[in-house]
Structure formats: C-alpha cells, structure tokens
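The values are calculated or read from the model by the stated rules, or taken from the named source; none is laboratory data. What you are looking at is a predicted structure, and each value in this text was computed from that prediction instead of being measured. Please note: Cβ atoms are built from the backbone with ideal geometry, for glycine as well, and neighbour counts cover all protein chains shown. What goes into the accessible areas is simple: the full protein's heavy atoms, side chains included, and nothing from ligands, DNA or RNA. Shrake-Rupley method; radii C 1.70, N 1.55, O 1.52, S 1.80 Å.
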2 protein chains.
Amino acid sequence: MAKSQYVVVVGCGRLGSILASTLSDRGNSVVIVDTSEDAFNQLSAEFGGFKIAGDAVELAILKSAKADQADCLLAVTDRDNVNLMVAQVAKTVFGVPKVLARVFDPAREELYQEFGIATISPTKLSAEVFLKEL
Amino acid sequence: MAKSQYVVVVGCGRLGSILASTLSDRGNSVVIVDTSEDAFNQLSAEFGGFKIAGDAVELAILKSAKADQADCLLAVTDRDNVNLMVAQVAKTVFGVPKVLARVFDPAREELYQEFGIATISPTKLSAEVFLKEL
C-alpha cells in the first residue's frame, strides 16, 4: 500500500486491533472505533492513532472519525450486519474510496457485493487453508 | 490430499459444515460431530458421512466416531479451549496421525504448538488478506 494513508478501522477486537496496530506501525494515520473503551487495551503499546469510543452505526461517530477524509475504511466488528451497515454508510454518505468488510456468513457476501463493498470471509479463508493442509 | 481418507470433523458451524460437506463430496469417509443436532442442517444435501450428536470433549463420543481409525481430525468448534482439548485427546489418546485445530486467539497458538497440534487462525489469515488488499 502507499505510504501514510488515512485509515478508519471499525471494531477493536482481535482482528481490528491487529490491523490498527500494524497500520499505525507502518506509518499510516489510523483512527480506531469501538463501542467499548476497554477494547483499546488490545492495541499495541506503540499505537500512535486516535481512539474513538462509540457506535460506528451512528453517523456522528463516523463523522468524528473524519470518515469523509479517509482513504480507506475497514469494517471488522464481530457482527456481520454492523459491518455491512458501516461499510455502506462509509461508501455512500462519506464517499470513502476503499471500503473493506469482514463477513463471517458466506451467504451474505453476495449482498455486500451488490453494494460494491469488498469482503473478506474468515470462514472461507480458513476452509481453503484446512483443505490445502489435508 | 490422498483419496478416501477417514476424517473426523468436530464442530458443525459454518466452517465445520463447509469442510465436512467438501470432504464428503470429494469421496472421503467423513464423521461430523456437534453438540447440537440442528447444526447438521448446515451440511450439504449430498453429505454422505455419519453425524454424531454429542460433546466431543467426552471420550465416549470420540470413540463412537472411531477416532482411533481416523487419518485426520479437524477441531473447528467456535471455542478455542474445546478445540485444544479435543485435538490433544485425538493426538494422545487415539493416536490420530494428522490433527488440525482452529484457534481464534493468536496468543493461544503457541500452546497448541507445544502439544504438536497444527493450528489455523482465521484472525491471522484475515489480517494478512486485509493488509494485502490495502
């Protein structure tokens, strides 16, 4: 990726915290959003980005994350429907050029694609690797 | 993989059902184990293996799945500690040659490796793909 992008990461669980920490370490401007302040404890000690405690489903929260200026938004909460909604709003309301969402349920991927949202499915990825390992 | 292996899949969630269905379709002998009978509805209509409703943490259940004859066991429930326990028992008690476990928490992977269990982490896999996509 190009150096120093502005990336909004929604969801600070295991995946979100790894992504936010890594992207920050690589010199990008990162804003991480989670409903729980405690979630931010999973970030690396060196995390140099901003943390916003709030529900990204609310427009005001994405606005305070300056989503309108973001090069990229990653919707990686543990809930597929939240990821879809946030990704959709990022794309249509804030015009974020690159939007990626995690989707656990492979059956939902089609719905995302209808909205022009790129998806990454941990279930599919894992299945591929398991089958390759056998 | 070699044709017609005997594979025990523990956990019939999204991942387990994909794996069991695919492996069965490819001509392997598959036994799928889940605590909930309802979970088996996720299997493909063509699934030709055996279904065992029960808790694989109990030795009797793995025994009834004929784990001692299995070429391979996949521990893919939604719970890391269940996967670790089942994988460990499969390896040490039943002598299954190939044991693979899903582990959500990357911090636990080291523990699995100490027990000689190969792990696949959906979190790590997803992080790699997200970072590559950016």
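Quick notes on this one:
- Any hit, region A:126-134, residues being aromatic (F, W, Y) and surrounded by fewer than 18 Cβ atoms within 10 Å (Cβ to Cβ): no
- Residues satisfying the stated conditions in region B:36-75, i.e. closer than 14 Å to B:V99 by Cβ and either within 14 Å of another protein chain (Cβ to nearest Cβ) or at pLDDT below 95 (or both): B:A70, B:D71, B:C72, B:L73, B:L74, B:A75
- Residues of region A:24-35 that are open to solvent by 20 Å² or more (accessible area, probe 1.4 Å), under 22 Å from B:P106 (Cα atoms) and part of a strand (DSSP E or B): A:D34 alone.
- Positions within region B:36-49 being surrounded by fewer than 16 Cβ atoms within 10 Å (Cβ to Cβ) and in contact (Cβ under 8 Å) with a residue 12 or more places away in the chain, in sequence order: B:S36, B:E37, B:S44, B:E46, B:G48
- Hits in region A:116-134 - residues which are facing chain B (nearest Cβ under 7 Å) and under 12 Å from B:T123 (Cα atoms): A:I120, A:P122, A:T123, A:L125, A:S126
- Count of region B:64-122 residues which are in a loop (DSSP other than H, G, I, E, B) and either in contact (Cβ under 8 Å) with a residue 60 or more places away in the chain or under 21 Å from A:L134 (Cβ atoms) (or both): 17
- Filter result (in contact with a helix residue (DSSP H, G or I) (Cβ under 6 Å, 6 or more places away or on another chain) and either surrounded by fewer than 15 Cβ atoms within 10 Å (Cβ to Cβ) or closer than 16 Å to A:A39 by Cα (or both)) within region A:56-74: A:A56
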